[in-house]
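A.B. asks: Let me give you the structure first, and then I'll get to my questions.
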Amino acid sequence: MRTKIVAGNWKMNKNLKEGIDFIKETVHQIITADLTGAEVIFATPFIHLRKGVKEVKKLNFCAIAAQNCHWENSGAYTGEIAASMIASTGATHCIVGHSERRQYFNENSEQLSKKINQCLEQELTPIYCVGETLDIREAHRHYTHIELQIVEGLFHLSEEQIQQVVVAYEPVWAIGTGVNASPQQAQEIHAFIRKALEHQYNADIAGRIRILYGGSVKPNNAAELFSQPDVDGGLIGGASLQVDDFMSIIRAAQ
Ligand code: PGA
């Protein structure tokens with residue numbers, strides 16, 4: 001049984017007070033409604049990490065994630081944050097390779113595989129994002145594209161390391177557009193990713209890795225997406241910014 005994950009990716013939103021108030025209120029509602037059957041992760045800007053960790057520290061169903069880290073452990077990289085620094089806040093997860101990082105910051109596979117290594121060295125769980133653009137899907141190249149992202153980002157990992165990773169399938173055409181992949185489209189790709197993991201490692205390992213869907217997950221489509229056999233929860237952008245929306249999605253993951 002894979003426990004579902006609902007991870008809210010705030011992107012560049014919420015100041016310190018807004019963010020911490022949000023975490024407090026969400027945690028309060030989760031406990032009051034006894035909705036502790038899924039793991040809930042808040043992927044916040046760096047400024048919220050430390051205080052966020054304090055809010056969730058005693059709760060085994062909640063965690064704090066960063067949205068990015070650098071591929072080196074230290075050095076002359078002005079404005080960057082190392083995985084070791086993230087880990088020192090008590091945060092336990094880090095998103096790696098979000099399509100906005102790939103697209104706007106030109107992150108490539110070599111950098112991303114190093115970021116994964118940095119996370120694992122610091123015992124941070126990487127949430128590794130893959131997904132195709134609309135052009136690639138329309139050209140029917142999405143399977144090979146996603147396979148390459150998985151191979152280049154993850155397949156250098158040992159059997160032990162790969163089990164520390166969470167994968168997120170996020171079709172770029174679905175992110176922030178209001179057009180989600182259909183549950184069938186999501187399931188097809190998730191099953192394909194799991195097969196690739198099985199082929200490289202084994203069925204037992206592939207069966208244990210959580211694969212999240214991201215891209216316009218909303219209160220009205222979350223339950224159906226999460227009911228697919230290989231969809232182990234979601235990485236939520238826009239709908240993770242309002243407590244009511246985020247709570248509806250957490251409820252759908254129970
Ligand atoms: P969205 O973003 O839910 O706003 O589409 C998802 C993401 O980018 O992780």
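A.B. asks: In deg cm²/dmol, rounded to 500, what helix-only [θ] at 222 nm does the chain give when every DSSP H run of at least 4 residues adds -39500 (n - 2.57) and the total is split over its residues?
C.D. replies: It comes out at -12500 deg cm²/dmol, rounded to the nearest 500.
A.B. asks: Beta carbons within 10 angstrom, averaged per residue: use that to sort the peptides 149-159, 11-21, highest first.
C.D. replies: Sorting 149-159, 11-21 by mean packing, highest first, produces 149-159, 11-21.
A.B. asks: Please list 121-133, 188-200 highest first by mean number of surrounding beta-carbon atoms within 10 Å per residue. Don't skip to the answer; put the middle values down first.
C.D. replies: Working: 121-133: 21.6, 188-200: 18.0.
Ranked by mean Cβ neighbours within 10 Å, highest first: 121-133, 188-200.
A.B. asks: Give me MET85, MET1 ranked fewest to most by other Cβ atoms within 10 Å of their Cβ, as a rough exposure proxy.
C.D. replies: Ranking MET85, MET1 by Cβ neighbours within 10 Å, fewest first, gives MET1, MET85.
A.B. asks: List the pairs from LYS58/LYS114; LYS51/LYS218; LYS24/LYS218; LYS4/LYS218 whose alpha-carbon separation is above 23 Å, in the order I gave them.
C.D. replies: Going by Cα-Cα distance, LYS58/LYS114; LYS51/LYS218 fall outside the 23 Å limit.
A.B. asks: With +1 on each Lys and Arg Cβ and -1 on each Asp and Glu Cβ, how big is the dipole of the chain about its Cα centre, in debye rounded to the nearest 20?
C.D. replies: Charge dipole of the chain: 620 debye, to the nearest 20.
A.B. asks: Right, something else. Order of SER88, SER240, SER248 from fewest to most other C-beta atoms within 10 Å?
C.D. replies: SER88, SER248, SER240
A.B. asks: Given a cut-off of under 8 Å on Cα pairs at least six residues apart, what relative contact order in percent is computed for the chain?
C.D. replies: 21 percent
A.B. asks: Rg over Rh of region 72-162, using C-alpha atoms and the Kirkwood radius, what does it come to?
C.D. replies: Across region 72-162, the Cα-based Rg/Rh ratio is 1.01.
A.B. asks: Just check the chain against the gyration tensor rule for me: Cα atoms, a ≥ b ≥ c as the square roots of the eigenvalues, rounded for a/c under 1.5, and otherwise prolate or oblate depending on whether a/b exceeds b/c.
C.D. replies: Note, shape of the chain comes out rounded.
A.B. asks: What is the distance in Å between the Cα centres of region 1-80 and region 126-187?
C.D. replies: About 22 Å separates the Cα centre of region 1-80 from the one of region 126-187.
Computed from the coordinates by the stated procedures, all read-outs in this text should not be read as laboratory data. Here the structure is a predicted model, which is why all the values come from computation and not from measurement. With ideal geometry, Cβ positions are generated from the backbone for all residues, glycine too; neighbour counts draw on all protein chains shown.
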